[in-house]
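Below: one structure, written as structure tokens.
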Amino acid sequence: MRQHQPAHRRRDAGVTLIEMLVVLALFAVVSGAVVMSLPSGRATTSAEVGTAAFVSDLNHAVKLALSEGRGFGIAVEDNSIRFLQRSDEGPWRAHLNPDLAQVKLFPAGVRIFDQARRNGVDFVVSARLLPDQEHPLRVRFGDVSTGPIVTFDGLAVTVEDDR
């Protein structure tokens, strides 16, 4: 005749399948949280941040020029860009919009291509927003030999990554 063993003796024999699955599920949740908190493999460079900020400012300036009927100018220095406006063909001054009036500093450096500076302004956008495809503004952010290049013809902005 077979003797019945108490329940506590069978339990001491090992770990049940349910307990193993619970532990594995907890391990998966914790490891997923750790992986999600790690930074991505590709770091954003200051040149990429500068490019994105400049493109955003250009688009904002074009929208304002369309809505207000006023052109604007762009002056590029060693590591900064200024948006300018002129009133009734007077001298250039800081842009009237406070977001664009601030001097934009770029620690990675800014380099302008093939631009003839006129009265302290590198590129002029008329109030009619006519594209100047023969002499667009071309600005490189970052190193002299590498980095994104922003091309602006007075209406459209394009970015090419020159790596």
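The values are calculated or read from the model by the stated rules, or taken from the named source; none is laboratory data. From a predicted model like this one, the values you see are computed outputs, not experimental measurements. Positions of Cβ are generated from backbone atoms using ideal geometry, with glycine treated the same way; all protein chains shown enter the neighbour counts.
The table for this structure:
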| item | result |
| --- | --- |
| Subset of the range 90-107 [modelled with pLDDT of 80 or more, in contact with a helix residue (DSSP H, G or I) (Cβ under 8 Å, 6 or more places away or on another chain) and exposed (fewer than 14 other Cβ atoms within 10 Å of the Cβ)] | D99 |
| Unmet criterion (only one of (1) surrounded by fewer than 18 Cβ atoms within 10 Å (Cβ to Cβ); (2) modelled with pLDDT of 75 or more; (3) among the hydrophobic types (A, V, I, L, M, F, W, C)) for I112 | (2) |
| Cβ pairs under 9 Å, 6+ apart, first in the range 5-26 and of a type outside the set (K, R), second at pLDDT 90 or above and surrounded by 10 or more Cβ atoms within 10 Å (Cβ to Cβ) | V15/V23 |
| Residues within the range 38-68 that are loosely packed, with under 14 Cβ neighbours inside 10 Å and at pLDDT 80 or above, tallied | 6 |
| All positions within the range 71-89 that are outside any strand (DSSP E or B) and buried (at least 18 other Cβ atoms within 10 Å of the Cβ) | G71 |
